[in-house]
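Okay, structure first, notes after.
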Amino acid sequence: MTSYAQEHGAINLSQGFPDFDAPSEILENAVRALRSGQNQYARSMGYQPLVEALSEKIQQHYKLKYDPYTELVVCSGATEAMASTFLGLLNPGDEVVFFEPYYDSYPACAAIAGAVGRYYTLRFPDFSIDFKELEKCFSRRTRLLVLNTPHNPTGKVFTQAELEGIAALCEKHDTVVAADEVYEHLTYDGAKHVPIASIPGMRERTLTISSAAKTFSLTGWKVGWASGPAQLIAAVQAAHQFLTFAVATPFQAAIAMVLQSDNSEYYRKLREQYLERRDLLLKALKETGFRVSVPAGTYYILADFTRLLDCDDRAFARYLVKQCKVAAIPPSVFYTRDPSEGKRLVRFAFCKKIETLSEAALNLKNLAV
Ligand code: PMP
């Protein structure tokens, strides 16, 4: 969709990358690291000051303790942390439980590991969980459950009660959780991000994955990490060592430097700015005639377009680019079990400047019924 948007000169609300820069202080940190000769291979499990700073940050935010040297690994983004998790933990034929719609790298990486996916469909607009149905996704071969909260593309923030329900199933079926929490700092309207590792009994069976991409608007740096009990981290590291070996040293150094200071004001402002962007786009979509699900987290909105045009999501996404020069993602590609659920929806990303979103809002008026 990004190249299709470029081809047609459309405003790109499809791919989830900001059209504004990261805080200049972090960019300067990277320049300093580059100029001070930190340009050779980093420690494979992560540049020492970064794993130390991450261990401190996780403890401060969630009261979870991870040893920086044995219970943390820095990867080339959350994507590689997830790929290393699949490759390190799964044998061919093992089963993985996914919630769909999903971040599309998960099933692809599971396939590389020879694993088999079992899918639970979260349904628009409330994306609630029927635990009896969810349990049907488990079998004797289930090894891993992938949980993404706050969730791309629905914007769902899993509640404490939902996490407890998932935790109970994972304990009952002796399943490890890979928790993708890259949107941990993007929650709205009082929704609180709760790491599943903080649910009693879960720290020992959870790998928590996060990244600098979304929190610091640095999607191009590809600095991510996994935290978990030493035995599980050793499995991730076994794959990471031979996939990428280590992550770019100056970028790790720059993230370490920013994490060494108190960022609570930065996180608060980040949320506030995203809330303003979310509300601007929500208003424009509602006025246009979309039915929307209000996201409690992430920087995506899923919208039902059936009142506007009778077609599937791919045709609608193309129509949107041509008719009003706005690009969005057709989300049926994020489903395996029930793609029809995504065929009436499109996903908009609001990680864009207010000017960009205002221009998109104006363009959307060309669609209004
Ligand atoms: N996880 C989720 C749920 C995402 O939406 C994305 C970006 N689209 C990523 C991971 C990618 O993270 P990274 O750039 O750190 O690999």
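The numbers here are math on the coordinates, done by the rules we state, and not lab data. Given the structure is predicted, the values throughout are model-derived calculations rather than measurements. Positions of Cβ are backbone-derived with ideal geometry, glycine not excepted, and every protein chain shown enters the neighbour counts.
A compact table of results
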read-out	value
Distance (nanometres) between label positions extended 7 Å along Cα→Cβ at residue 365 and residue 198	4.4
Shape parameters for the stretch 1-118, alpha-carbon atoms, Rg then Dmax in Å	18.7, 50
Candidate aspartates and glutamates for bridging to residue 352, where Cα separation is under 13 Å - those fewer than 8 sequence places away on the same chain excluded	19, 21, 276, 279
Net charge, residue 263 excluded, C-beta distance under 13 Å - Lys, Arg +1, Asp, Glu -1	-1
The chain, helix-only ellipticity at 222 nm - DSSP H runs n ≥ 4, -39,500 (n - 2.57), divided by all residues, nearest 500	-12500 deg cm²/dmol
For residue 116, residues with placed amide H under 5 Å, excluding near neighbours	93, 94, 95, 96
Gaussian network model of the chain, springs between alpha carbon atoms under 10 Å - residue of 243, 207, 186 with greatest fluctuation	243
The stretch 219-227 - phi-based ³J(HN,Hα) in whole Hz, Karplus 6.51/-1.76/1.60, Gly and Pro as x	5, x, 8, 6, 10, x, 7, 10, 10
Out-of-range pairs (alpha-carbon distance over 31 Å; input 63/283; 57/343; 132/353; 136/156; 65/156)	63/283; 57/343; 132/353
Relative contact order (%) - the stretch 185-277, alpha-carbon pairs under 8 angstrom, separation at least six	26
Packing-based ranking, highest mean first, of 164-176, 221-233, 256-268, 285-297 given that Cβ atoms within 10 Å are counted	221-233, 285-297, 164-176, 256-268
Stretchable slack from residue 123 to residue 311, in nm (0.36 nm times residue separation minus alpha-carbon distance)	65.8 nm
Antiparallel DSSP beta bridges within the chain, as percent of all bridges there, nearest 5	45
